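Enquirer: The following block contains the structure, expressed as structure tokens.
Nothing in this text is a laboratory measurement; each read-out follows from the coordinates by a stated rule. All of these numbers come straight from a predicted model, not from anything done at the bench. Every residue, glycine among them, receives a Cβ derived from its backbone with ideal geometry; neighbour counts consider all protein chains shown.
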Amino acid sequence: MRIVSLLPSATEIVYALGYGEDVVGVSHECDFPPEVAKVPRMIEPVFENTQLNSERISAIVIDHLTRGESLYKVRIEELKKADPDLIITQELCDVCAVGSADVLAAVNQLCKPVSVLSLNPHSLKDVKDDIRSVAKILGATKNADKLIIELEAKVDRIRRLTEESYRPRVFCVEWLKPLMNAGHWVPEMVEYAGGTESLASKGQPSKCIDWDSVVKYDPEVIILMPCGYMTGKTLDEVKRVFEFNKIEGVSALHNGKVFATDGHNYFSRSGPRLFDAVEILAQLIHPELFPQPLNSQLGTRVELPTAESVQLR
């Protein structure tokens, strides 16, 4: 089966199931596992965001969506060359990846019938169901069963490790400006990691949140995980756009428990690495439970020496 995956998490699922050699096309954002780099790209974004800050990206996104314009273009000629039997896409977020409507329009231009599988996960259970759905089409149900057992074991180990620990109030940030909470699977992950996230709801989309709500909640731990940002980019951006002065009285700032982590690889994508990310959260929330410090590329402290000057380690 010739597979085109237009969703990074779906690409990771296909490779984790052992069918990477059947992937003949991917989106512009598919970058894991490393061998996917050689696979032709089927998608191109309508604007380049690598040099833009979160506020500017939000403004461009809102402008396009207000005008009813897609943020991505399907490269029709590349898709025809790929000659797929199966295309995997998504319905979760038209900001993060090409939407299913655009994909179906492209499929109608192909010269043969093509199966389209659209994923729409909101929880870790949904991610496991997605793995099963992909595996069913590929005839890889045994591989899926084995993979899911491995993923569940990772979460169970962390849940048991943290179940007797104090559960601090945690605020996970999916976007820096405008300020957004981290919804969908993240509150569930925080719970397994030994914290409580009450500024977002399990299985519900992320949404903008006002600073007054953050102050009232008084988080004891703040974890910055902007969608599409790795730890280094978050550290570069946070000192320019995150308005620490509006929450300077909250416990997380006083206790030095504001962290940046790798949202791009471990929290934004609804794939197998979410189950690894539970341990990342646990190490940030409960470092005392782990003999070795967390790799700084996965998560690091944001140093706040004064209210006026934000410096980062």
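Enquirer: Going Cα to Cα from residue 154, which lysines come in below 28 Å? Please leave out same-chain ones fewer than 8 positions away.
Expert: 125, 128, 136, 142, 146, 202, 233, 257
Enquirer: Cut-off is 10 Å between beta-carbons; in what order do 134, 186, 155 appear when sorted fewest neighbours first?
Expert: So the residues, fewest neighbours to most, are 155, 134, 186.
Enquirer: With N residues in the range 222-313, what two-decimal value do you get for its Cα radius of gyration over 2.2 N^0.38 Å?
Expert: Against the empirical 2.2 N^0.38 Å value, I get 1.07 for the range 222-313.
Enquirer: Taking the Cα centre of the range 144-199 as origin, work out the dipole magnitude from +1 charges on Lys and Arg Cβ and -1 charges on Asp and Glu Cβ, in debye rounded to 20.
Expert: With only Lys, Arg, Asp and Glu charged at Cβ, the dipole is about 200 debye.
Enquirer: Calculate the all-directions average of the projected area of the chain's alpha-carbon convex hull, and give it in nm².
Expert: Averaged projected area of the chain's Cα convex hull equals 15.9 nm².
Enquirer: Going by amide H atoms built from the backbone, whose H comes under 5 Å of the H on residue 73, apart from near neighbours?
Expert: 44, 46
Enquirer: Most exposed first by the Cβ proxy, i.e. fewest other Cβ within 10 Å, how do 137, 148 rank?
Expert: So the residues, fewest neighbours to most, are 137, 148.
Enquirer: Output ³J(HN,Hα) for the range 110-119: one whole-Hz value per residue in order, computed from phi by the Karplus curve 6.51 cos²θ - 1.76 cosθ + 1.60 with θ = phi - 60°, and x for Gly and Pro.
Expert: Using θ = phi - 60°, the values come out as 7, 9, 7, x, 10, 6, 10, 10, 10, 9 Hz.
Enquirer: Give me the Å³ per residue figure for the convex hull around the C-alpha atoms of the range 216-257.
Expert: About 81 Å³ per residue, rounded to a whole number.
Enquirer: Let me ask something else about it. Report, to the nearest 10°, how far helix 273-285 tilts away from the longest principal axis of the Cα atoms in the chain, using its own Cα long axis and a range of 0 to 90°.
Expert: Taking the Cα atoms of the chain, the angle to 273-285 is about 0 degrees.
Enquirer: Could you pull out every residue, at least 5 positions away or on a different chain, whose amide H is within less than 5 Å of the one on residue 223? Hs are placed 1.01 Å off N in the peptide plane, and Pro or chain starts have none.
Expert: Sorted by chain and number, the residues that satisfy this are 171, 172, 173, 259.
Enquirer: Which of the GluC sites (Glu not before Pro) found in the range 121-226 are loop residues per DSSP with 12 or fewer other Cβ atoms within 10 Å of their Cβ?
Expert: Sites meeting the loop and neighbour criteria: 163, 164.
Enquirer: May I pose another question? What does DSSP give for the chain in terms of the percent of beta bridges that are antiparallel, rounded to the nearest 5?
Expert: The antiparallel fraction comes to roughly 30 percent.
Enquirer: Kindly provide the pair-distance distribution of the range 164-301 built from C-alpha pairs, with 10 Å bins from 0 and whole-percent values in order of increasing distance.
Expert: In order of increasing distance, the bins hold 13, 49, 34, 3 percent.
Enquirer: Grab the DSSP H runs of the chain that are 4 residues or longer, score each as -39,500 (n - 2.57), total them, divide by all residues and round the 222 nm result to the nearest 500 deg cm²/dmol.
Expert: One gets -11500 deg cm²/dmol as the mean residue ellipticity at 222 nm.
Enquirer: How would you rank 217, 166, going from fewest to most other Cβ atoms within 10 Å of each one's own Cβ?
Expert: Lowest to highest Cβ neighbour count: 166, 217.
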